[in-house]
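K.L.:
Sending over a structure as structure tokens; questions will come in a sec.
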Amino acid sequence: TVPDLEAEGQNINWYSHSSLASSVYSGNSYATGKKDPGTYVYFVTQTVDNCRSLPTTDSLTIHSLPTITFSVQPPELCSGLDVAMVNLSDTIDLFWEFGDGTVDSVYNPALHQYSNTGTTIKYFPVKLTGTTEYGCSRNLIKYVTVYPFRDFDFIITPDSSCHPATVNIISPPG
């Protein structure tokens with residue numbers, strides 16, 4: 001959120017150029033409407049008894065939001081396997097939320113393991129929040145799809161044979 005510029009006094013006028021050719025606003029609190037990063041300089045005067053003061057400079061600096069980007073490798077996996085979060089962000093203050101109640105604040109976290117003991121697919125939101133030295137924050141959420149662990153039974157027939165052997169492997173449904 002970009003703050004308003006404030007000046008105390010009476011009959012306050014705001015100008016965007018030092019020539020004071022045209023006022024951009026009259027009043028004590030000026031909402032510039034600026035959103036893009038940069039430094040904006042304004043000149044402020046006060047008029048009392050038809051006498052205008054010398055201008056005072058007031059600056060507004062809007063800092064860039066951090067670039068937050070990361071990959072989840074692999075984005076889909078079976079329960080109990082490892083996931084790597086690879087950070088490509090340009091900020092130094094980072095906070096990871098893995099969607100399973102665990103958090104971390106390192107640049108690239110260690111391999112993370114998700115568990116799904118249920119019978120349906122689970123989606124875990126991985127959220128990375130980055131904050132610049134100026135307190136500007138941004139976050140990004142990506143999802144990890146975790147398939148439930150399946151305990152398969154296999155029937156192998158025959159269970160013994162002479163070489164060369166033909167073996168049937170069957171996984172019964174369920």
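The values are calculated or read from the model by the stated rules, or taken from the named source; none is laboratory data. No experiment lies behind these values; they were computed from the predicted model shown. Every residue, glycine as well, gets a Cβ built from its backbone with ideal geometry; the counts of neighbours run over all protein chains shown. These accessible areas exclude ligands, DNA and RNA; they are computed on the full protein's heavy atoms, side chains included. Shrake-Rupley method; radii C 1.70, N 1.55, O 1.52, S 1.80 Å.
K.L.:
Apply 1/(1 + (r/R0)^6) to the Cβ-Cβ distance of Thr1 and Tyr143, taking R0 = 25 Å, and write down the FRET efficiency to the nearest 0.05.
P.N.:
Details: r = 29 Å, r/R0 = 1.14.
Taking R0 as 25 Å, the efficiency between Thr1 and Tyr143 is 0.30.
K.L.:
Taking a cut-off of 22 Å between Cα atoms, list the lysines near Lys127, but don't count ones fewer than 8 places away on the same chain.
P.N.:
Reachable lysines: Lys142.
K.L.:
If you don't mind, there's one more thing I want to ask. I'd like to know which of Val86, Thr61, Ala165 lies farthest towards the positive end of the charge dipole of the chain, counting +1 on Cβ of Lys and Arg and -1 on Cβ of Asp and Glu.
P.N.:
Value: Thr61.
K.L.:
While we're on this one: So which residue, out of His112, His63, His17, gets the largest mean-square fluctuation from a GNM of the chain using Cα contacts under 10 Å as springs?
P.N.:
Maximum among the listed residues: His17.
K.L.:
Moving on to the next point. Which residues make up the longest stretch of the chain clear of chymotrypsin sites (Phe, Trp or Tyr not before Pro) that lie in a DSSP loop with no more than 15 other Cβ atoms within 10 Å, not counting the sites?
P.N.:
Details: sites that count: Tyr107, Tyr134, Phe149, Phe152, Phe154.
Answer - 1-106.
K.L.:
Which value, in debye to the nearest 20, gives the size of the charge dipole of the stretch 24-174 about its Cα centre, when Lys and Arg are +1 and Asp and Glu are -1 at the Cβ? Could the numbers behind the result be given before it?
P.N.:
Numbers: 8 positive and 14 negative charges, 103 e Å.
It comes to approximately 500 debye.
K.L.:
Kindly write out, for the stretch 13-22 in residue order, the coupling ³J(HN,Hα) from the Karplus curve 6.51 cos²θ - 1.76 cosθ + 1.60 (θ = phi - 60°), rounded to whole Hz, with x marking Gly and Pro.
P.N.:
Computed from phi, the couplings for the stretch 13-22 are 10, 10, 10, 9, 9, 5, 6, 6, 5, 9 Hz.
K.L.:
Using a Gaussian network for the chain with springs between C-alpha atoms less than 10 Å apart, which of these wobbles most: Ser161, Ser79, Ser64?
P.N.:
Ser161
K.L.:
Set the Förster radius R0 to 35 Å, insert the Cβ-Cβ distance between Leu60 and Asn108 as r into 1/(1 + (r/R0)^6), and round the FRET efficiency to 0.05. Kindly include the intermediate steps, with their values, before the conclusion.
P.N.:
Values: r = 36 Å, r/R0 = 1.02.
With a Förster radius of 35 Å, E is 0.45.
K.L.:
Moving to a separate point now. Zone of Ser79 (label point 7 Å along Cα→Cβ, backbone N under 15 Å): which residues in the stretch 134-174?
P.N.:
What the label zone holds, given the 15 Å backbone N cut-off, is 145-153.
K.L.:
Can you work out the accessible area per residue across the chain, with the rest of the protein chains kept in place, probe 1.4 Å, in square angstrom? Could the numbers behind the result be given before it?
P.N.:
Working: 11540 Å² over 174 residues.
Per residue, the chain has 66 Å² of solvent-accessible surface.
K.L.:
Right, next: First compute the accessible area of the chain with a 1.4 Å probe, then give the percent of it belonging to carbon and sulfur atoms.
P.N.:
Working: 6050 of 11540 Å².
Answer for the chain is 52 percent, counting heavy atoms of protein chains only.
K.L.:
Report the trypsin sites (Lys or Arg not before Pro) located in the stretch 106-157 that are in a DSSP loop and have at most 12 other Cβ atoms inside 10 Å of their Cβ, or state none.
P.N.:
Values: sites: Lys122, Lys127, Arg138, Lys142, Arg150; in loops: Arg150.
Of the trypsin sites (Lys or Arg not before Pro), the ones in loops of the stretch 106-157 whose Cβ has at most 12 other Cβ atoms within 10 Å are Arg150.
K.L.:
A further question follows. Modelled label-to-label distance, Ile92 and Ser171, 7 Å Cα→beta-carbon offset: nm?
P.N.:
5.0
K.L.:
With Cβ to Cβ distances under 12 Å as the rule, what net charge do the other residues near Asp4 carry (K, R +1; D, E -1)? Don't jump to the answer; show the numbers that get you there.
P.N.:
On the way: positive: Lys34; negative: Glu6, Asp58.
Spelling it out: positives minus negatives among the neighbours equals -1.
K.L.:
If you look at just the Cα atoms of the chain, how large are its Rg and its Dmax in Å?
P.N.:
Answer for the chain, Rg first and Dmax second: 30.9, 114 Å.
K.L.:
So which trypsin sites (Lys or Arg not before Pro) in the stretch 1-95 pass both tests, a DSSP loop state and at most 15 other Cβ atoms within 10 Å of the Cβ? Walk me through the intermediate numbers first.
P.N.:
On the way: sites: Lys34, Lys35, Arg52; in loops: Lys34, Lys35.
Passing both the DSSP loop test and the Cβ count: Lys34, Lys35.
K.L.:
What does the net charge come to around Ser64 if you take all other residues with beta carbon closer than 15 Å to its beta carbon, with K and R at +1 and D and E at -1?
P.N.:
Numbers: positive: Lys34, Lys35, Arg138; negative: Asp36, Asp90, Asp93, Glu133.
Summing Lys/Arg as +1 and Asp/Glu as -1 gives -1.
K.L.:
Starting from 0 in steps of 5 Å, tell me what percent of the Cα-Cα pairs of the stretch 15-57 lands in each bin.
P.N.:
Histogram of Cα-Cα distances, whole percents per bin: 5, 19, 29, 26, 12, 5, 2, 1.
K.L.:
Right, something else. Round to a whole angstrom and tell me the spacing of the C-alpha centers of the stretch 1-71 and the stretch 93-114.
P.N.:
41
K.L.:
Less than 18 Å apart at the alpha-carbon level, and either on another chain or at least 8 residues along: which aspartates and glutamates does that give for Lys34?
P.N.:
Output for Lys34: Asp4, Glu6, Asp58.
K.L.:
GNM, the chain, Cα, under 10 Å: largest mean-square fluctuation among Thr145, Thr91, Thr47?
P.N.:
Thr47
K.L.:
Could you compute the longest span of the chain free of GluC sites (Glu not before Pro) located in DSSP loops and having at most 10 other Cβ atoms within 10 Å, not counting the site residues? Could the numbers behind the result be given before it?
P.N.:
On the way: sites that count: Glu8, Glu133.
Result, exposed sites excluded: 9-132.
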